[in-house]
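Participant: Starting off with a structure, shown below.
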Amino acid sequence: MRWEAERQSNNVKDQRDQMLSNAEIGARVGLGAAAAGIFARGGGKWMLIAGVTLLIIAFLGFGLFPEVKNRFLQGAGQQTAQTAQKRAEEKRRLQFVSVVLAETEDVWTQVLGLEGHAYDEPKLILYRTAVRSACGTTTNAIGPFYCPNDSTIYLDESFFDQLAKEFSAPGDFAAAYVIAHEVGHHIQSLDGTLDEIDSERNNADEKTANILTVRLELQADCYAGIWANYMKKQGVTEKNDIRSALNAAHKIGDDNLQKVSQGYTVPDSFTHGTSTQRAYWFNRGLQSGSRQSCDTITGKI
């Protein structure tokens, strides 16, 4: 995927250095805020003691054993190099996310413009571990998500590594597909589909509610396919990019994930669609480039 020289979106906010406190994350998993505060203060005290002790040891070691000093300086140099490499990787990832979001902005401005509508662009927040959103405080265990209450996509960068390593779906285009899928939910929010389905789910039994959720997710996959269609036309895609995205869609199907995690599937619990369904609807959007082909809400899925 050719993206390095492309336009970057102004709607991406990097919050990876804004870690939530132990109390905030603890509240998310049911821990008491007071207990978390005591732990944090106690931890700070012990860190201070440990720091002073290490400083004394370092001075003594450097004076008595020169080889200790050399090893220490060598290790510090390696850490500095590793830090520089990490920062470069973080910068590259931020640029990548910004370019992909910009691409979706261009695509949906054009698509909705042809329908006679202006495109209200979403925001995207890149975070680590946990994040506060208008939909509540959430950990990265939930994966990438879109919050309609603030029209924002939330993305923990570790998901890209998880996608490549745990789901066997590597590649920039596969990662971009995930972002384009979340943007698809933003389109559903703009046209009222999310509100309509939420209303139906609130009055449905669990099985029916899950089916409605699957319909939403498959449409978002189809919308991601529309984005891929435009990228292909513009010559952004490279060999195997489309195959990479289709592979990602297949790998994160409910049936595949359940087989990997528990060895069997429970179809009534599916909330995103099977591997076959997800790959089919992404490909449908890719081939047509049209929203009219993405009716998973009332059509057959």
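Participant: Condition test on Gln82, is it at pLDDT 95 or above, out of contact with any helix residue (DSSP H, G or I) (no Cβ under 6 Å at 6 or more places or on another chain) and in a helix (DSSP H, G or I)? Reasoning before the result, please.
Facilitator: Working: at pLDDT 95 or above: no; out of contact with any helix residue (DSSP H, G or I) (no Cβ under 6 Å at 6 or more places or on another chain): yes; in a helix (DSSP H, G or I): yes.
Taking the combined requirement at face value, the residue does not satisfy it.
Participant: How many residues does the stretch 173-195 hold that are out of contact with any helix residue (DSSP H, G or I) (no Cβ under 6 Å at 6 or more places or on another chain) and either free of Cβ contacts under 8 Å to residues at least 60 places away in the same chain or under 20 Å from Arg243 (Cα atoms) (or both)? Lay out the reasoning, then the answer.
Facilitator: The first filter runs over the stretch 173-195 and keeps only residues out of contact with any helix residue (DSSP H, G or I) (no Cβ under 6 Å at 6 or more places or on another chain), leaving 178, 182, 186, 189-193, 195.
Narrowing further to those that are either free of Cβ contacts under 8 Å to residues at least 60 places away in the same chain or under 20 Å from Arg243 (Cα atoms) (or both): 178, 182, 189, 191-192, 195.
Number satisfying all stated conditions: 6.
Participant: Looking only at the stretch 100-117, how many residues end up being in contact with a strand residue (DSSP E or B) (Cβ under 7 Å, 6 or more places away or on another chain) and charged (D, E, K, R)? Break it down into steps so the answer makes sense when it comes.
Facilitator: We begin by selecting, within the stretch 100-117, every residue in contact with a strand residue (DSSP E or B) (Cβ under 7 Å, 6 or more places away or on another chain); these are 101.
Narrowing further to those that are charged (D, E, K, R): none.
Residues meeting the conditions: 0.
Participant: Moving on to the next point. Would you mind finding the one in Ala134, Ala174 that is among the hydrophobic types (A, V, I, L, M, F, W, C) and within 15 Å of the chain's Cα centre (by Cα)?
Facilitator: Values: Ala134 fails: within 15 Å of the chain's Cα centre (by Cα).
That would be Ala174, the only listed residue that is among the hydrophobic types (A, V, I, L, M, F, W, C) and within 15 Å of the chain's Cα centre (by Cα).
Participant: Okay, next question. Just wondering, is there one or more residues in the stretch 237-252 that are among the charged types (D, E, K, R), free of Cβ contacts under 8 Å to residues at least 40 places away in the same chain, under 29 Å from Glu103 (Cα atoms) and in the same structural domain as Leu101 (by TED's automatic domain parsing)?
Facilitator: Of the residues in the stretch 237-252, the ones among the charged types (D, E, K, R) are 238-239, 241, 243, 251.
Now restrict to residues that are free of Cβ contacts under 8 Å to residues at least 40 places away in the same chain: 239, 243.
From what is left, the residues that are under 29 Å from Glu103 (Cα atoms) are 239, 243.
So of that shortlist, the ones also in the same structural domain as Leu101 (by TED's automatic domain parsing) come out as 239, 243.
For the stretch 237-252, residues among the charged types (D, E, K, R), free of Cβ contacts under 8 Å to residues at least 40 places away in the same chain, under 29 Å from Glu103 (Cα atoms) and in the same structural domain as Leu101 (by TED's automatic domain parsing): present.
Participant: Does Ile153 satisfy the condition of being without any contact (Cβ under 8 Å) to a residue 12 or more places away in the chain and closer than 28 Å to Asn283 by Cβ? Step through it out loud before you land on a result.
Facilitator: Values: without any contact (Cβ under 8 Å) to a residue 12 or more places away in the chain: no; closer than 28 Å to Asn283 by Cβ: yes.
No, not satisfied.
Participant: Being of a type in the set (A, V, I, L, M, F, W, C), touching a residue at least 24 places away in the same chain (Cβ under 8 Å), assigned by TED's automatic domain parsing to the domain that holds Leu286 and not in a loop (DSSP other than H, G, I, E, B) is the requirement here; does Phe167 meet it?
Facilitator: Details: of a type in the set (A, V, I, L, M, F, W, C): yes; touching a residue at least 24 places away in the same chain (Cβ under 8 Å): yes; assigned by TED's automatic domain parsing to the domain that holds Leu286: yes; not in a loop (DSSP other than H, G, I, E, B): no.
Judged against the criteria, Phe167 is not a match.
Participant: Just one of Leu124, Leu112, Leu101 is within 16 Å of the chain's Cα centre (by Cα), in a helix (DSSP H, G or I) and buried (at least 17 other Cβ atoms within 10 Å of the Cβ); which is it?
Facilitator: Going through Leu124, Leu112, Leu101 in turn, the sole match is Leu101.
Participant: Picking from Tyr154, Tyr119, which residue would you name as being aromatic (Phe, Trp, Tyr), assigned by TED's automatic domain parsing to the domain that holds Glu103, farther than 21 Å from Arg243 by Cβ and in a loop (DSSP other than H, G, I, E, B)? Lay out the reasoning, then the answer.
Facilitator: Working: Tyr154 fails: in a loop (DSSP other than H, G, I, E, B).
Testing whether each residue is aromatic (Phe, Trp, Tyr), assigned by TED's automatic domain parsing to the domain that holds Glu103, farther than 21 Å from Arg243 by Cβ and in a loop (DSSP other than H, G, I, E, B) leaves just Tyr119.
Participant: Here's a follow-up. Out of Leu216, Leu155, Leu246, Leu163, I need the residue that is touching a strand residue (DSSP E or B) at 6+ places or on another chain (Cβ under 8 Å) and buried (at least 18 other Cβ atoms within 10 Å of the Cβ). Which one?
Facilitator: Details: Leu216 fails: touching a strand residue (DSSP E or B) at 6+ places or on another chain (Cβ under 8 Å); Leu246 fails: touching a strand residue (DSSP E or B) at 6+ places or on another chain (Cβ under 8 Å); Leu163 fails: touching a strand residue (DSSP E or B) at 6+ places or on another chain (Cβ under 8 Å).
When all the criteria are applied, what remains is Leu155.
The values are calculated or read from the model by the stated rules, or taken from the named source; none is laboratory data. Note that this is a predicted model, so its numbers are computed, not measured. Cβ: placed from backbone, ideal geometry, glycine included. Neighbour counts: every protein chain shown.
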